[in-house]
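Written below as structure tokens is the structure these notes are about.
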Amino acid sequence: MRIKTFLATYLLFLVVLFSCFGIVSVFMTRSQMDMYMAHSAAEYQRIAGSLSRDLAVLYGISHNIADDINALVTSYMAHYAQSNVYLSLHAMGLNDVVDGIQVAFVHYADAYFIRVVGALPQPFSLLRLDYYFDITQTIAEMRRVQNILLLICTVFAALTAFVLYVILARIFKPLRFVSQASRNIATGNYSERITVHGKNELAAMTEDFNSMADEIERQMQALKDEADGKQQFVDNFAHEMRTPLTSILGYAQYLQSATLGEGELIESAGYIIDEAHHLRNIANSLLTLATLRGHTAVAGVLSIPQLFDDIRHSLEPSLAAQNIRLICDIQADTLHGQADLIKSLLMNLCTNARNACPSDGSGVITLSAKNIAGVSFSLSISDNGHGIPVESLSKLTEPFYRVDPARNREHGGTGLGLALCARIAEAHGATLVIESTVNSGTTATVTFTTPLQVDNHSIT
Amino acid sequence: MAKILIVEDEQPINNLIKKNLELVGYDCASVFDGAAVSNALASNRFDLILLDVMLPKLDGFAVMAQIKDTPVIFLTARSDVGDKVRGLRLGADDYIVKPFDMMELLARVESVLRRTQKLDKTFILGEVEVDLAGRQVYFKGARVDFTPQEFTLIETLIQNRNIALSRDKLLEIAWGYDFGGNTRTVDVHISSIRQKLGWEDVIKTVYKLGYRLEARK
């Protein structure tokens, strides 16, 4: 591309340059010649006139006409030879009479002349005067000037070739960068970018190229994250399945192969049933998660006091058993949302809060609903339990993520609760934010920012 | 009888291991987190520890560092090679990847105990005495002639006593994987042993499954 552009441009330049040169030199030569011819013709007329007058005088006074004519012509020749003009006089026969004068450009070997031939005026029309103006010097001079011009043109052409090449190289440099960067990107180096300064089309192109690369990098990263997430999910899922399956398989084998008393039989069957329940819970939660993907909540008007009462009612027995107080702080009346989902969200968060709380009577869970200056509506659940380490906070909503590396299931959770909560919040156009300080408590806040909530809930 | 400590936080699995080990005659104690191991070791002497890697409070590798000269078998849920290597480097005698088959666990426990010479050398049931080290069987004090294959079979039954073993499993353990014979071979050998020792009621035929050596104390 660069070479082609260079050749095409340069060829065009050469054609124009040398055409101009050719045309100019042809015109110059021609006008010079015309000038010389006109000059020669005029001088010839003058010489012929003067010669014929001298001849006429000579005829009147001469005694030896032939010698005198010779002397006269010789003196003319000698006089004009000084200015490179060679004259000769010839007698013609009657049949050879010429009309007017003929001007021509002639050359003999290396010498160039302008030749003017014609008869002398009457009464000497039988005498022919030949006039040769030697322009060899002038022609040589013209050739020299032409050669110098040609040399200058050639040097100029070479210089132009160099400059053109440099300019094109500069212009095409970004293209080379682009192609290099494209190759790098194609081999997987998605962070490759190009820098081009200036404000021309190429700069704009590289800018576009860079934003394309940005987008590709972003999308590749998103895909990679998604694939990693899926892999993580599958790993965790396999682990979650393995523990209950080990129990189920082991106890079933035990039932089959050992002789058992009734107590042992019931105990073993109990383990199988518990673990099967656990598997069923995982399956149900996964199904709910799958159903919630891309789901938009079917919003109805929910009464906040009613909602909180329901939660309190469901949690009462387990809260009483652990000596935990539940405080409801209601600063808003209603919420637009899907009843079953919102309830499930609050139950999950409250159960987590309960599990985090100490059971020595100091545990407090606060459930609150607030309108923040008509901008957003939020539900929050706080506890004063053991808290969550900072490094775990961002992973809480990953399916099967457990803060405790030993992944114990002492509270019987499936590991999907917070993933579900995040999905439910998403389905309502809300965000779930969990803040926590180890040993002092955790606050989970669901903030609804959809206009529906804000419009319908002026500050109460 | 060998004493085994089971360190596993999943209560159902801990209990399951305990039940199976007790079935074949080992004494077992269970703890559910890593921190409790040192207490258990202080008050009791164990011949073997089954140790889970992922434990609350103190993980299996940390617990391993506290154990001086008791053989350890690692139980690991992760089939991660790194974990296995790390466990073995720390001095574990063996490892088992969850989920594991009980038969496999018993075989590995037995293998470690045999290596450390903690296995019982004789098995006595009623008037039968089996000398496991000398590979001899005595009935009412008199030596009974046993073919080597018969002895391997009775040894298998004793080591997995109180557990029903399928004919296929017996073939696999007592004859080896590459044995081409069918399950009829097992029946023939079992009836021969029953006859020689008067064990018609001791080696029970388990319906649709196989045989079980009943040796409840």
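Quick notes
- Within straight-line cross-link reach of B:LYS68, aspartates and glutamates at Cα separation under 14 Å, skipping those fewer than 8 residues along the same chain: B:ASP47, B:ASP93
- Percentage of interatomic Cα-Cα distances in the stretch A:231-317 larger than 17 Å: 68 percent
- In Å, descending, principal axis extents of the Cα set of the stretch A:193-352: 89, 53, 29
- Sites B:ASN44 and A:SER182, calculated FRET efficiency, Cβ-Cβ separation with R0 56 Å, nearest 0.05: 0.20
- For the stretch A:2-157, convex hull volume per residue from C-alpha positions, Å³: 135 Å³
- Nearest-ten-degree value, helix A:2-61 long axis tilted from longest Cα axis of chain A: 10 degrees
- Listed pairs B:LYS98/B:LYS169; B:LYS18/B:LYS140; B:LYS140/B:LYS196; B:LYS19/B:LYS169 exceeding 22 Å between Cα atoms: B:LYS18/B:LYS140
- Averaging 1/r over each pair of different alpha-carbon atoms in chain B and inverting the result gives 18.6 Å, the Kirkwood hydrodynamic radius.
- Note: the stretch A:2-59, Cα convex hull, 37 Å³ per residue.
- Packing rank of A:393-400, A:210-217, where each peptide gets the mean count of other beta carbons within 10 Å, highest leading: A:393-400, A:210-217
- Helix A:65-81 vs. chain A, principal-axis angle (Cα, 0 to 90°, nearest 10): 20 degrees
- Translational diffusion of the stretch B:122-213, µm² s⁻¹ [Kirkwood Rh, Cα pairs; Stokes-Einstein; 25 °C; 0.890 mPa s]: 185 µm²/s
- Isotropically averaged projected area of the stretch A:295-456, using the convex hull of Cα atoms (one quarter of hull area), nm²: 9.1 nm²
- Sequence-distant aspartates and glutamates (8 or more away, or on other chains) whose Cα lies within less than 13 Å of B:LYS204: B:ASP187, B:GLU214
- Separation in nanometres of the label points that stand 7 Å from Cα toward Cβ, at A:ASN70 and A:ASP360: 15.9 nm
- Taken residue by residue and averaged, Cβ atoms of other chains lying within 10 Å of the Cβ of B:167-180 number 0.
- FRET efficiency for A:ALA91 and A:VAL26, using Cβ-Cβ distance with R0 set to 45 Å, rounded to 0.05: 0.65
- Taking 0.36 nm per residue of separation and subtracting the Cα-Cα distance, full extension of the segment from A:VAL403 to A:HIS313 would add 29.6 nm.
- Theoretical ellipticity at 222 nm over chain A - DSSP helices of four or more residues, -39500 (n - 2.57) apiece, nearest 500: -21000 deg cm²/dmol
- Residues of type lysines that A:LYS230 reaches as a straight line, Cα spacing below 16 Å, ignoring anything fewer than 8 places off in the same chain: A:LYS395
- Globularity index of the protein assembly as shown, i.e. its alpha-carbon radius of gyration over 2.2 N^0.38 Å: 2.20
- Chain A, relative contact order in percent, only Cα pairs under 8 angstrom and at least six apart counted: 10 percent
- Size descriptors for the stretch B:1-101, from the alpha-carbon set: Rg then Dmax equal 12.4, 34 Å.
- The mean count of C-beta atoms from other chains within 10 Å of the C-beta of residues in B:96-103, rounded to a whole number, is 4.
- Cα centroid separation - the stretch A:202-268 against the stretch A:329-374, whole Å: 30 Å
- On the beta carbon distance between A:LEU265 and A:LYS395, with R0 = 35 Å, the FRET formula returns roughly 0.25.
- Acute angle (nearest 10 degrees) that the helix A:417-427 long axis makes with the longest principal axis of chain A, alpha-carbon atoms: 60 degrees
A short reminder: the numbers here are calculations on the coordinates, not readings from a lab. These figures come from a predicted structure and were not determined experimentally. For neighbour counting, all protein chains shown are included, and Cβ atoms are generated from backbone atoms with ideal geometry for every residue, glycine included.
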